[in-house]
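Beneath this line is the structure, given in structure tokens, with notes to follow.
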Amino acid sequence: MGHLVGKDIYKKLVQKIDAQAVRVPLNERIYNIVKALYSAEEAEIYVKMPYGLSTVDRIQKITGMNPARLKNLLEGLSDKGLVIDLFIDGEYNYMPSPIAVGIFEFTMMRTQGDLDMKTWGKLFHHYFEDGSLYKANFSKGEQIGPLRTVPHEESLADHVEILDYERALHIVESADKVAVGLCSCRHEKHHAGAKECDVPLDTCLSFGMGAEYLTRHNMAGEVSKSALKENMARSREYGLVFQADNVQQGIASICQCCGCCCNLLLGMNKYGYENAVVTSNFIADIEDEKCTGCGKCAKACPINAIEMVADGDPNTKRKKKPEINLELCIGCGVCGLDCKPSACQLIPRKKRVITPETTFERVILQSLERGTLQNQIFDNPENIGNKAMNAILGAFLRLPPVKSALMSDALRSRFLGAMRAGVRLQGKDFLTEM
């Protein structure tokens, strides 16, 4: 890494990406990715941008760049998914894309422009294989991630209560706009020559503001709700896992994932980080009296959480029976989809999983866990005062007792309430609704 000199704009770019809600350790593999995706001028704008959503006027004041040139660059970066633009209060606001959900997904979902997908797919695949991204984000028992498992309702046991934000079909029905795009993980594996399954690529579903952003930038195509439901029915036949935007309100997407391609599921399957996937509030259970020992549930499980073991009961004809690893089970319900006697079903977990209400809350909690929350509070990287306060607050928030206290059931709600109040004082009410 001797070539990454201190003034190298691409090194600074990686450091800026790393300072967001998903950590990105600097190494040669991520360096090669950003150099392939960003021009030097685009990298400089990204580095100088505030971390949060900002108007062109604010970004111009911070960067000192010619307004027309700045606007052109921001629009180009948004078309490539390297910057996120959202239309709020009558004008576009811009923020630097995190690595996920952001730079990776939007790059591999692009359908128009000068696209070098084969190169990008190989670069991303090479980077994920390194394992450093998983270690940086999941090695300390983190609970908050960008996506959460949504159960297949057909696998729920009788009389099990399920909330609306946990129901895939309710998410579809309540959306004002729906779209379908390419699965970034499966597309990456395809171009890297590592796709082992025959699952189609068009399995990334988006809703509302997410659908608006993706369709506007030609990363997805708007479809009818009936077409979207047919897409989901096809995914049930393939035994795919539903993973939704990890929020209760304003859900922007549902991924339909296979265990061989999904980079989050591979975080469990290949790298052993059990918290790489946020589980549903349900867990698989076998009703022994109904089970025939066919083994279909074990074969279907996308994260190998079910093993067929010898059945020592002399009163049964089964040679083997399924045994569920409750530490691994993500509560997706794929195991129960093809269980004819309905012996394999989902039941409620003993303790409910933390699901942030809004994107604002998710980013706050995710950043707190990963030691970058200070960047969301003092978000101007070009301001000396912000840099000083950033360093002081960052050191405080990284103290294990402080982090544990703010994430605890006792203080989490009060902490998030204080953060929402602080944002409103800055006149950014829209952030708390995201």
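Read the figures in this text as sums done on the coordinates, not as results from a lab. The shown structure was predicted, so the numbers you read here are calculated from the model rather than taken from an experiment. FYI the Cβ positions are ideal-geometry reconstructions off the backbone, even for glycines, and counts take in every protein chain you see.
Some notes on this structure:
- Positive-pole candidate from Ala194, Gly221, Ile62, dipole of the chain, charges at beta carbon: Ile62
- Cross-link reach is defined here as a Cα-Cα straight distance under 15 Å, omitting same-chain residues fewer than 8 places apart; for Lys321 the aspartates and glutamates meeting it are Asp285, Glu287, Asp288, Glu289, Glu307, Asp311, Asp313.
- Protection proxy ranking for 310-316, 136-142, 367-373, using the average of other Cβ atoms within 10 Å per residue and placing the highest first: 367-373, 136-142, 310-316.
- At most 11 other Cβ within 10 Å, DSSP loop - GluC sites (Glu not before Pro), the stretch 165-272: Glu196
- For the stretch 18-156, lysine pairs with C-alpha atoms less than 20 angstrom apart, excluding pairs fewer than eight positions apart on the same chain, total 11.
- Part-to-part distance (alpha-carbon centres) for the stretch 188-242 and the stretch 98-155, which is given in Å: 15
- Distance distribution P(r), the stretch 25-180, all Cα-Cα pairs, bin width 5 angstrom from 0: 1, 7, 13, 15, 15, 15, 13, 10, 5, 2, 1, 0, 0 percent.
- For the stretch 98-152, the equivalent ellipsoid built from the Cα gyration tensor has semi-axes of 25, 16, 9 Å, listed from largest to smallest.
- Dipole size of the stretch 1-99 about its Cα centre, with +1 on Lys/Arg Cβ and -1 on Asp/Glu Cβ: approximately 380 debye, rounded to the nearest 20.
- Rg/Rh for the stretch 298-434 stands at 1.21; both radii use Cα atoms, and Rh follows the Kirkwood definition.
- Value of [θ]222 nm, deg cm²/dmol, for the chain, DSSP H segments ≥ 4, -39500 (n - 2.57) each, nearest 500: -12000 deg cm²/dmol
- Volume per residue of the C-alpha convex hull in the stretch 69-124, rounded to whole Å³: 94
- The loop-placed GluC sites (Glu not before Pro) in the stretch 36-69, going by DSSP, include none that has at most 12 neighbouring Cβ atoms within 10 Å of its Cβ.
- Using Cβ point charges alone (K and R +1, D and E -1), the dipole size of the stretch 271-415 about the Cα centre works out to roughly 100 debye.
- Volume of the convex hull of the stretch 207-299 (Cα atoms only), normalised per residue: 152 Å³.
- Geometric extent, Cα atoms of the chain - Rg, Dmax (angstrom): 22.3, 81
- Most positive-pole-ward Cα, Asn32, Ala410, Val172, against dipole of the chain from beta carbon charges: Asn32
- Net charge dipole size for the chain [Lys, Arg +1 and Asp, Glu -1 on Cβ; Debye, nearest 20]: 1000
- FRET efficiency, 1/(1 + (r/R0)^6) with R0 51 Å, evaluated for Gln112 and Ala157 via beta carbons: 0.65
- Neighbour net charge for His170 - beta-carbon separation under 11 angstrom, K R +1, D E -1: -3
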